[in-house]
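Have a look at the structure below, then the notes.
What follows draws every value from the coordinates through simple rules; no lab data is involved. Remember, predicted model here, so these are calculated numbers, not experimental data. Cβ: placed from backbone, ideal geometry, glycine included. Neighbour counts: every protein chain shown.
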């Protein structure tokens, strides 16, 4: 699971006894900044790949669908019969013509429906991040969550329970695991807590 070790906080216990409110305020600021840093790293999508464009075929030459970010899975319709006599196209209608160079093999792409029967299977992962800072007695904690149904295969962990791990196919097309994101921002998180500790020590030295 995602875990980092921060160093240099042996004086925090003493600070909490001498100036609990000021110390908790500074710790809260550091936690809030840490969560913001991690969220800033986790939110951006990697560059789009062939998996996000029409025109894919499997190893046997069979047409494949593609995933449009923010909208969902488009699956190929191979014949006019499968179009059901539809003559009007458009993304808002959930039906788009295949690019001209593909039309001998694929007539169109239809947007798959979600569990409610509506066109579009995207949960809009990018907009579903939420952060929360909490206090319990002399403890300050923070959480970064995402309730997208497919968050773990896309942004999960590199270790731990199999169901919580990132899918290898997602890592292969550029998606960073949450552990990768955390590792990248760890130096900045350490710096945030160092500044908090410095402020607390200065406060104590000044008789606060």
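Structural remarks
- Percent of C-alpha pairs per 5 Å bin in the range 108-147, short distances first: 6, 17, 15, 13, 13, 10, 8, 7, 6, 3, 1, 1.
- Computed over the range 122-177, the P(r) curve from all C-alpha pair distances, binned at 5 Å from the origin, holds 4, 18, 20, 21, 15, 11, 7, 3, 1 percent per bin.
- Helical mean residue ellipticity (222 nm; -39500 (n - 2.57) per DSSP H run of 4+; nearest 500) of the chain: -10500 deg cm²/dmol
- Among 7, 29, 138, the order by Cβ neighbours within 10 angstrom, fewest to most, reads 7, 138, 29.
- Order of 79, 25 under a 10 Å beta carbon neighbour criterion, fewest first: 79, 25
- Of 180, 58, 188, the one that fluctuates the most in a GNM where the chain has Cα springs shorter than 10 Å: 58
- Compactness of the range 93-208, expressed as Rg and Dmax over alpha-carbon positions, Å: 22.7, 81
- Expressed as a fraction of 2.2 N^0.38 Å, the value expected for a compact globular protein of N residues, the C-alpha radius of gyration of the chain is 1.46.
- Comparing mean-square fluctuations of 90, 55, 142 from a GNM of the chain with C-alpha springs under 10 Å, the top value falls on 90.
- Computed from Cα positions, the angle between helix 20-42 and the longest principal axis of the chain comes to roughly 20 degrees.
- Taken over the range 2-80, the alpha-carbon convex hull comes to 140 cubic angstrom per residue.
- Choice from 163, 155, 60 with maximal GNM fluctuation in the chain (Cα, 10 Å cutoff): 60
- Cβ crowding within 10 Å ranks 173, 178, 35 as 173, 35, 178, fewest other Cβ atoms first.
- Value of Rg to Rh for the range 50-111, rounded to two decimals, is 0.94; Kirkwood radius and Rg both from alpha-carbon coordinates.
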